[in-house]
Each structure stands twice: as C-alpha cells, then as structure tokens.
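Everything on this sheet refers to the single structure shown next.
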Amino acid sequence: MNGEIVDDSYEMKDGDVVRFKYTETVREILEELRIPKDSFHIFINDKNAFLDGKIKDGDRIEMKVK
C-alpha cells in the first residue's frame, strides 16, 4: 500500500495506491515472503514441489519445517 507492506488491520483511504503481484512459482512466493528457500519442504497438492514449479489456481501449497 503506497509502496509499503501493510497487514490486514490497515484501512484503505481514498487515494491509496495498491499494488498486486501475481506469483507463478514456488520460488517467487518464497522471495515475496522473504522465506529462506532451504528452510522448508514444500508440497503442491501433496506432491514434492520444485522451486520453479508453476502454481495454478486452486493448488494447495504446504510447507513443512526441515
């Protein structure tokens, strides 16, 4: 929001600038959330996921601490 990351308690105001970023891969999600890629085992729809694996609408992503 307005160039800053905000939490769900932020109330939007008239004139706020909202930026959405669509992520396509596991790697992009981890980078966006600032999660080290080696910290978790990652699964998409109960199958081992690759960092560059594509994410589709409806996929279920699960992360388990290594």
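Every number here is computed from the coordinates shown, using simple stated rules; none is lab data. Source: prediction; values computed, not measured. Cβ: placed from backbone, ideal geometry, glycine included. Neighbour counts: every protein chain shown.
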Q. How high is the relative contact order of the range 26-65, given as a whole-number percent (alpha carbon pairs under 8 Å, six or more residues apart)?
A. 45
Q: Give the calculated FRET efficiency between K56 and N2 to the nearest 0.05, with a Förster radius of 22 Å applied to their Cβ-Cβ distance.
A: 0.10
(Q) If exposed means no more than 10 neighbouring beta carbons inside 10 Å and the site is in a DSSP loop, what's the longest run of the chain without any exposed chymotrypsin sites (Phe, Trp or Tyr not before Pro)? (A) 23-66
Q) Across the Cα atoms of the chain, what radius of gyration and what greatest pairwise Cα-Cα distance (Dmax) are found, in Å? A) 14.7, 44
Q) Where in the chain are there GluC sites (Glu not before Pro) that are in a DSSP coil and have at most 14 other Cβ atoms within 10 angstrom of their Cβ? A) E4, E11, E24
